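Worksheet: the structure to be examined is printed underneath.
The values are calculated or read from the model by the stated rules, or taken from the named source; none is laboratory data. Just so it is clear, the structure is predicted and the values come from calculations on it, not from any experiment. Neighbour counts run over all protein chains shown; Cβ positions are idealised from the backbone, glycine included. The accessibility values were calculated without ligands, DNA or RNA, using every heavy atom of the protein model including side chains. Shrake-Rupley method; radii C 1.70, N 1.55, O 1.52, S 1.80 Å.
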Amino acid sequence: MNDTSTRYHHGCARVVRLLIDGLARHGVQVIARSPARNDWEHDKEFLAALARADVIVINGEGTLHHGKADGEKLLRIATHPARGATPIALINALYEDNPPEWDARLSQIALLSARDSDSARALSDASGHQARWVPDLSLSAPAEIPASPRHGVLVGDSVRLDRRRHLAQAAARLPDARVIPTKTLGGALWRLPLIGTLARGLLYRIYNGTCPTRIPPFRMAPDEAAYLREIASARLHITGRFHAVCLSMLTETPFLALTSNASKIERLLTDAGLGDSRMISASTLQTPPEQMDFTADELRLIRAFLHKAQTGADRLFADIAVLARLNARPDA
């Protein structure tokens, strides 16, 4: 549940790919997927698959915060008749500022795993069960891209319009900046030589809420691997996206981050031991830096954090496989 790979977002696509690969590595076959924001309660094919499932996996990601309706809709699976007694694993979850009405549903979930330590504590308190902490699944495997020379500043985007505007304005101030969002568009229109250039320019202005006469170099990476290559080739990455920070850490690319729509980036950096030294304010972007290399201590902390993410994810997938085997249908 909550297959976020349908959101045209490279970080989410990576999370779902690695989740499915990790389950398969431990012998768990995915027989149905419910996309993010899917009305699963009226999805007949999905409900039929529930009757055959040995385990239900909810990809929490950034959905369960501030009592969002999409988060509540996911948790309704815990008490839905179609679920029966099938065990549920809620994994990779941010959990922040949610109503106590959610607690009863959480208490019926067999395995709880958060992507940050604060969320793990909140899930434990709300459910009455011990939740584990495994860093975001985008970090659960190496980047697997070749090293390349670094140059220029990569400027990303944000879920918040005001942050996107600040980032776009910062890119215009930097002499060697290129703008590459975490999202992509797959249609052939965006790749056409003339019409595609005009369309991208219009998209840039609408998406960022700014109307410069000239825009910086602006590309939409076509897939996860291309996006990782773009990040890995930057001298500095300035962004307001959680997964953009994750993938910067994965490629050891120095980054600076603006706050998002929840405290997910701050929690990520705190858990990694980096503190708030890489968080910046919008006012900083009035004179944006062109370089801010990692210290030797920062690199040591990041590498240890990636090791924790990869070993923790493998144990998580193994434990989900155990849940599935314990509940395996006799006719499976």
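Structure values in brief
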| quantity | calculated |
| --- | --- |
| Condition check for Ser233: on the phi < 0 side of the Ramachandran plot, open to solvent by 10 Å² or more (accessible area, probe 1.4 Å) and under 17 Å from the mean Cα position of the chain (by Cα) | no |
| Any hit, region 7-17, residues being closer than 19 Å to Pro135 by Cβ, of a type in the set (Val, Ile, Thr) and touching a Leu at 6+ places or on another chain (Cβ under 6 Å) | yes |
| Residues of region 29-85 that turn out to be under 23 Å from the mean Cα position of the chain (by Cα), open to solvent by less than 50 Å² (accessible area, probe 1.4 Å) and over 27 Å from Glu96 (Cα atoms), as a count | 1 |
| Every residue from region 226-268 that is touching a residue at least 12 places away in the same chain (Cβ under 8 Å) and small (Gly, Ala, Ser) | Ala232, Ser233, Ala234, Gly240, Ala244, Ser248, Ala257, Ser260, Ala262, Ser263 |
| Some residue of region 239-247 being more than 20 Å from the chain's Cα centre (by Cα), at pLDDT 90 or above and open to solvent by 20 Å² or more (accessible area, probe 1.4 Å) | no |
| Single unsatisfied condition, Asp271 versus (1) buried (at least 23 other Cβ atoms within 10 Å of the Cβ); (2) in contact (Cβ under 8 Å) with a residue 24 or more places away in the chain; (3) not aliphatic (A, V, I, L, M) | (1) |
| Condition met for Ala147 (open to solvent by less than 10 Å² (accessible area, probe 1.4 Å) and within 17 Å of His237 (Cα to Cα)) | no |
